[in-house]
């Protein structure tokens with residue numbers, strides 16, 4: 001599977017590394033050239049030597065997305081720091097480039113819920129954190 | 001009319017002032033605390049502090065009863081989000097979005113955010129209007145309504161020079177609505193004779209630009225839009 005990941009922060013870079021290790025073809029797009037270091041960190045070989053691809057560019061730039069290989073992507077992960085950026089680029093991936101699987105990180109649970117109803121695969125870390133806090137509280141109380 | 005304006009920058013504040021002066025009800029939403037405090041004195045209850053891309057902030061502003069939502073923040077993704085949610089979740093009848101980076105214009109279109117207004121595009125059109133070497137100027141393009149108004153300068157060698165308006169067999173779907181000659185415009189009559197150097201305004205169905213250009217400015221290069 002060819003996976004394009006936009007946003008190489010803690011989440012994006014970790015998912016990129018594990019997907020590459022699992023044998024997928026992985027391309028990462030980030031506006032900050034320094035984020036490449038996160039992809040190399042803790043690895044014996046550099047990201048490129050391990051077969052990964054890295055492109056510097058912003059997520060809304062069509063040229064950057066094409067350069068990063070969006071046209072042949074089977075899966076698209078939007079994990080930039082901005083909820084709205086993620087929601088917009090995931091819709092572009094689906095509607096403009098016909099990527100089948102678009103997964104979006106959305107911190108705000110309300111937006112994550114509504115866009116899930118609209119057919120986007122949203123993941124809300126905040127929602128998970130809330131649930132875990134609640135569970136931890138009740139189990140300690142018990 | 002009740003209008004919600006996301007973004008209280010220069011554009012948002014001036015829009016709010018205009019709408020309020022025309023007796024419309026307005027709520028401005030601003031996410032920067034300092035900017036909010038700066039306009040609170042002027043707009044009082046008509047400005048709210050918050051991130052307009054948060055659903056509860058929109059609901060607090062009463063988006064359910066808004067007739068118009070205008071997104072004019074400095075961030076294109078935010079403007080898309082506000083308008084998309086207003087239109088599709090809260091079924092607001094009218095939206096208007098500002099495009100900050102003209103390269104994002106296509107994204108607005110793809111996601112159904114119309115009309116989307118880009119200052120750069122507007123200025124480009126004015127440049128076309130002011131610089132006559134561009135053969136064709138788009139004065140108005142209503143994409144949803146599929147209607148366009150263009151302006152063409154009549155070239156010396158145009159086949160229509162010396163012809164009466166009634167005798168010019170224009171393709172179906174276009175009409176000469178005005179002629180600008182010597183600095184003033186008039187609505188042509190059937191016996192008005194087209195002269196070289198005239199500027200003709202035409203209303204037409206989209207897609208006819210090139211065909212029309214051949215009648216008035218055969219060597220003119222239609223501006224790329």
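Where a number appears in this text, it was derived from the coordinates with a stated rule and is not lab data. In this text the structure is predicted, and so the values were computed from the model without any measurement. Using ideal geometry, Cβ is built from the backbone for each residue, glycine included, and neighbour counts are taken over all protein chains shown.
So if we plug the beta-carbon distance of residue B:214 and residue B:23 into 1/(1 + (r/R0)^6) with R0 = 41 Å, what FRET efficiency do we get, rounded to 0.05? Don't skip to the end; give the middle numbers.
Numbers: r = 49 Å, r/R0 = 1.19.
Taking R0 as 41 Å, the efficiency between residue B:214 and residue B:23 is 0.25.
Find the eigenvalues of the gyration tensor of the Cα atoms of the range A:68-142, then list the square roots of 5 times those eigenvalues as equivalent ellipsoid semi-axes, largest first, in whole angstrom. Each step should come with its number before you reach the end.
Values: eigenvalues 183, 24, 20 Å².
Each semi-axis is √(5λ); the values are 30, 11, 10 Å.
Divide by every residue of the protein assembly as shown the summed helix terms, -39500 (n - 2.57) for each DSSP H run of at least 4, and state the resulting mean residue ellipticity at 222 nm, rounded to the nearest 500 deg cm²/dmol.
On the way: 13 runs with 130 residues, N = 367.
Result for the protein assembly as shown, helices only: -10500 deg cm²/dmol.
Report the calculated FRET efficiency for residue A:50 and residue A:14 (r = Cβ-Cβ distance, R0 = 22 Å), to the nearest 0.05.
On the way: r = 14 Å, r/R0 = 0.66.
E(calc), rounded to 0.05, equals 0.95.
Can you give me the P(r) profile for chain B? Cα pairs, bins 10 angstrom wide beginning at 0, each as a whole percent.
Taking all Cα pairs of chain B, the binned fractions are 8, 28, 24, 18, 16, 6, 1 percent.
Considering only DSSP beta bridges where both residues belong to chain B, give the percentage that are antiparallel (nearest 5). Don't skip to the end; give the middle numbers.
Working: 22 of 42 bridges.
Around 50 percent antiparallel, to the nearest 5.
Do you know the relative contact order of the range B:143-225, to the nearest whole percent, from alpha carbon pairs under 8 angstrom that are 6+ apart? Let's see the in-between values first.
Working: 143 pairs, mean separation 36.3, N = 83.
Dividing the mean separation by the residue count of the range B:143-225 yields 44 percent.
Report the residue, chosen from A:124, A:27, A:44, that carries the largest GNM mean-square fluctuation when chain A is represented by alpha-carbon nodes joined by springs under 10 Å.
A:44
Indicate the gyration tensor shape class of the protein assembly as shown (rounded, prolate or oblate), computed on the Cα atoms with a ≥ b ≥ c the square roots of the eigenvalues: a/c under 1.5 is rounded; otherwise a/b larger than b/c is prolate and the rest oblate.
Numbers: a/c = 2.94, a/b = 1.65, b/c = 1.78.
It comes out oblate by the Cα gyration axes.
Which residue fluctuates the most in chain A, going by a Gaussian network model with Cα springs under 10 Å, if the choices are A:26, A:11, A:106?
Of the options given, A:11 has the highest mean-square fluctuation.
Evaluate the distance, in nm, between pseudo-label points positioned 7 Å from the Cα of residue A:129 and of residue A:72 along their respective Cα→Cβ axes.
Inter-label distance under the simple model: 3.8 nm.
Applying 1/(1 + (r/R0)^6) with R0 = 30 Å to the Cβ-Cβ distance of residue B:169 and residue B:139, what FRET efficiency is obtained, to the nearest 0.05? Don't skip to the end; give the middle numbers.
Working: r = 24 Å, r/R0 = 0.79.
Calculated value: 0.80.
What percent of all Cα-Cα pairs in the range B:2-117 falls in each 5 Å bin, counting up from 0?
Per 5 Å bin, starting at 0, the Cα pair percentages come out as 2, 13, 25, 25, 20, 10, 3, 0.
Taking the 0 to 90 degree range and rounding to the nearest ten, how far is the long axis of helix B:33-43 tilted relative to the main principal axis of chain B, both from C-alpha atoms?
So the helix axis and the longest Cα principal axis differ by about 80 degrees.
How big is the antiparallel share of DSSP beta bridges in the protein assembly as shown, given as a percent to the nearest 5? Don't jump to the answer; show the numbers that get you there.
Details: 22 of 62 bridges.
The antiparallel proportion sits near 35 percent.
Just to confirm the number: angle between the C-alpha axis of helix B:76-88 and the first principal axis of chain B, 0 to 90 degrees, nearest 10?
80 degrees
Does anyone have the angle between helix A:125-141 and the longest principal axis of chain A? Alpha-carbon axes, 0 to 90°, nearest 10?
Tilt of helix A:125-141: around 30 degrees.
For a footprinting-style exposure proxy, rank B:172, A:61, B:153 by other Cβ within 10 Å, fewest first.
Numbers: B:172 9, A:61 16, B:153 20.
With the sparsest Cβ surroundings first, the list reads B:172, A:61, B:153.
If I take every Cα pair under 8 Å that is 6 or more residues apart in chain B, average their sequence separation and divide by the length, what percent do I get for the relative contact order? Let's see the in-between values first.
Numbers: 418 pairs, mean separation 31.9, N = 225.
Worked out over chain B, it gives 14 percent.
How large are Rg and Dmax for the range A:2-141 when calculated on the C-alpha trace, in angstrom?
Taking only Cα atoms of the range A:2-141, I get Rg and Dmax of 15.8, 54 Å.
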